[in-house]
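Okay, so here's the structure we're looking at.
The values are calculated or read from the model by the stated rules, or taken from the named source; none is laboratory data. The structure presented is a predicted model; accordingly, all values stated were derived computationally and were not measured. Note that each Cβ is placed from the backbone with ideal geometry, even for glycine, and that neighbours are counted across all protein chains shown. Heads up: the accessible areas ignore ligands, DNA and RNA and are worked out on the full protein's heavy atoms, side chains in. Shrake-Rupley method; radii C 1.70, N 1.55, O 1.52, S 1.80 Å.
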Amino acid sequence: MTEKMKINIPTVALRGLCIYPGILFHFDIGRPRSIKAIEKAMNEGQEVFLVTQRDIENDDPSMSALYEVGTLCRICQVLRVPGDTLRVLVEGLSRAHLDDIHDVDPYIRSTITLIDDEPVAMVTKRDIALLRRAKELFFECASIGNRPQDESYLSIVDNEDMGYVSDFIAHYTSFKFAEKQSILDEVNPRRRLSILCDLLLEEMKVRSIEQELSDKVKENMEKNERDYYLREQIKVI
């Protein structure tokens, strides 16, 4: 792990969300402490640290209730929406380690250490094979149930950066947030890609079962409709 500079920065605890470097993402926040952190960040260069809390039901998470690794982000846009809520668009910049929390009122302010991915000395044939497999599984998952594919998916078709591809796929796949966090925690691109492939294989199994159940429900509904029309025709005859 290569460490960079330490930063003292406004911080927002996220519930059930995980943000990755290199990804644009929008989310809503309503807790007063989080809103004040975003407002402060907008006045300090538009950078904020986003870190996921372990328990989504916790309204007042302490440092121990937060994951150790989060993401330094640039705030791109802030909109006020009904219900005293902010809709925030951010761009992930870098992984960062949560070192310490200094203040919690009126907003969370913490010290973080920026983290670089570990360098991959040489991309092996196994790495290339694993990268291709991850992309294949990702597109297969997206195609099950005719789920629409975002045009941005094309950005990874020819991309060979194992770290970025892993982050991109993890962002766009419906993993549990703890599983998404395991991808964020891993700074070795090769290990990150391996973890991702294992998660994608499990996701494929789940989606296949979901599709099978959906097909059976549809088949039963169509059968019931056919039976109904047949009975009505018989009545008419």
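Kindly check whether there is at least one residue in region 104-112 that is buried (at least 17 other Cβ atoms within 10 Å of the Cβ) and acidic (D, E). No, there is no match, as no residue in region 104-112 is buried (at least 17 other Cβ atoms within 10 Å of the Cβ) and acidic (D, E). Scan region 76-117 residue by residue and report those that are within 21 Å of the chain's Cα centre (by Cα) and either at positive phi or acidic (D, E) (or both). If the condition is that a residue be within 21 Å of the chain's Cα centre (by Cα) and either at positive phi or acidic (D, E) (or both), then E91, D116, D117 are the ones that fit.
Residue pairs whose Cβ atoms lie under 7 Å apart, separated by 6 or more positions or on different chains, with the first residue in region 6-20 and of a type in the set (K, R) and the second loosely packed, with under 15 Cβ neighbours inside 10 Å and assigned to a loop (DSSP other than H, G, I, E, B), are R15/I56.
Among the residues making up region 69-87, those that are touching a helix residue (DSSP H, G or I) at 6+ places or on another chain (Cβ under 9 Å), open to solvent by less than 60 Å² (accessible area, probe 1.4 Å) and farther than 13 Å from F49 by Cβ are V78, T85, L86.
The set of residues in region 48-62 that are over 15 Å from C18 (Cα atoms) and open to solvent by less than 70 Å² (accessible area, probe 1.4 Å) comprises N58, P61, S62. Filtered by the rule that a residue be of a type in the set (A, V, I, L, M, F, W, C) and surrounded by fewer than 16 Cβ atoms within 10 Å (Cβ to Cβ), region 18-30 gives a lone residue, L24. Hey, does region 29-37 have a residue that's at pLDDT 95 or above and within 15 Å of the chain's Cα centre (by Cα)? Looking through region 29-37, none of the residues is at pLDDT 95 or above and within 15 Å of the chain's Cα centre (by Cα).
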